[in-house]
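**Q** Right, I'll just put the structure down here and ask away after.
Please treat every number below as a calculation from the coordinates, not as lab data. The model shown is predicted, which means the values in this text are computed figures rather than measured ones. Note: ideal-geometry Cβ built from the backbone for every residue, glycine included; neighbour counts use all protein chains shown.
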């Protein structure tokens, strides 16, 4: 198995190098095709006080800036793919909101994998793409690169966060090409006795058995979060196992609850120590 069609969601020119480099490492066959997508607004509305009429000069300048951004990112993407020897195509999209993730949804649904870089909040980068849209509406697995863009390739050590949920099951099976290529796969279950979809005495053994039929040997580790959070327990296991990649289901709890009180999905979207493959 392999990912043959990969979508690169590019919000800025800073995304191009790390995203295309990661995809190059994942492109295990010459048949891999990369689609680069960036969105810009299809229309700008600027009102000029005090009479609230469109400011034509300002609108024209905004269109020029949008065109320049799109061309800069497109040129950088083309150069990066050509240098890496990748089969590629460039899809600039105009949409009312101009969000690169929203603009990429149609392309995402016809791909095997979506790759996006997380914003670097320490460098005051804004999250310029609607990441949730990719997870909730894209229908495909999303590989989130950490802000520095690091992804060790080939991926050798994979940690699978398992809680028995539908989302975790989908993520695990979406990650099969990476799991089959890895030398070490560890299934980590946090507090299995507190999970409704887990048979605590046999936690993780069912999915490990299923993976074994794909030629994947996976070890199962049960851990306790103690006085900390599930996110902290998983992060500690990532560090302990020196994992290159985390595989997990996204938003296994209600979305509003995650936004209000925090959750594993939001933690790893906003501050992941390694690359994370998520599915929902």
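**Q** How far, in nm, would the chain grow between residue 17 and residue 61 when pulled straight, counting 0.36 nm per residue and subtracting the alpha carbon separation?
**A** Working: separation 44, 0.36 × 44 = 15.84 nm, distance 2.77 nm.
Result: 13.1 nm gained on full extension.
**Q** State the extension gain, in nm to one decimal, for the chain segment bounded by residue 33 and residue 217, taking 0.36 nm per residue of separation less the distance between their alpha-carbons.
**A** Once the chain is fully extended between residue 33 and residue 217, it gains 63.3 nm.
**Q** Write down the percent of antiparallel bridges among all DSSP beta bridges whose residues are both part of the chain, to the nearest 5.
**A** Here the share of antiparallel DSSP bridges comes out near 10 percent.
**Q** How do the peptides 203-209, 271-277, 221-227 rank, highest first, by the average count of neighbouring beta carbon atoms within 10 Å per residue?
**A** Most protected by this proxy first, the peptides run 271-277, 203-209, 221-227.
**Q** Next up: Separation between the residue 193 and residue 2 pseudo-spin-labels, each 7 Å from Cα along Cα→Cβ, expressed in nm?
**A** Each label point is offset 7 Å from its Cα along the Cβ direction, giving 4.7 nm.
**Q** Extending each Cα 7 Å along its Cβ direction at residue 210 and residue 225, get the distance between those two points in nm, one decimal.
**A** Calculated label separation equals 2.3 nm.
**Q** Next up: List the extent of the Cα atoms of the stretch 92-250 along each of their three principal axes, largest first, rounded to whole Å.
**A** Extents along the principal axes, in whole Å: 52, 35, 32.
**Q** Suppose the chain between residue 109 and residue 137 were pulled fully straight at 0.36 nm per residue; how much longer would it get relative to their current alpha carbon spacing?
**A** Taking residue 109 through residue 137 to full extension adds about 9.2 nm, to one decimal.
**Q** Could I ask something else about it? When only C-alpha pairs under 8 Å and at least 6 residues apart count, what is the relative contact order of the chain, in percent?
**A** Details: 550 pairs, mean separation 54.1, N = 280.
Value for the chain: 19 percent.
**Q** Turning to a different aspect of this structure: How much FRET efficiency would the formula 1/(1 + (r/R0)^6) give for residue 82 and residue 183, where r is the Cβ-Cβ distance and R0 is 35 Å, rounded to 0.05?
**A** The computed FRET efficiency comes out at 0.65.
**Q** Could you tell me whether the stretch 5-144 comes out rounded, prolate or oblate from its Cα gyration tensor? Rule is a ≥ b ≥ c as square roots of the eigenvalues, rounded for a/c under 1.5, then prolate if a/b exceeds b/c, otherwise oblate.
**A** Prolate, since a/c reaches 1.5 and a/b exceeds b/c.
**Q** Build a GNM of the chain with springs between Cα atoms under 10 Å: which of 38, 214, 173 gets the top mean-square fluctuation?
**A** 214
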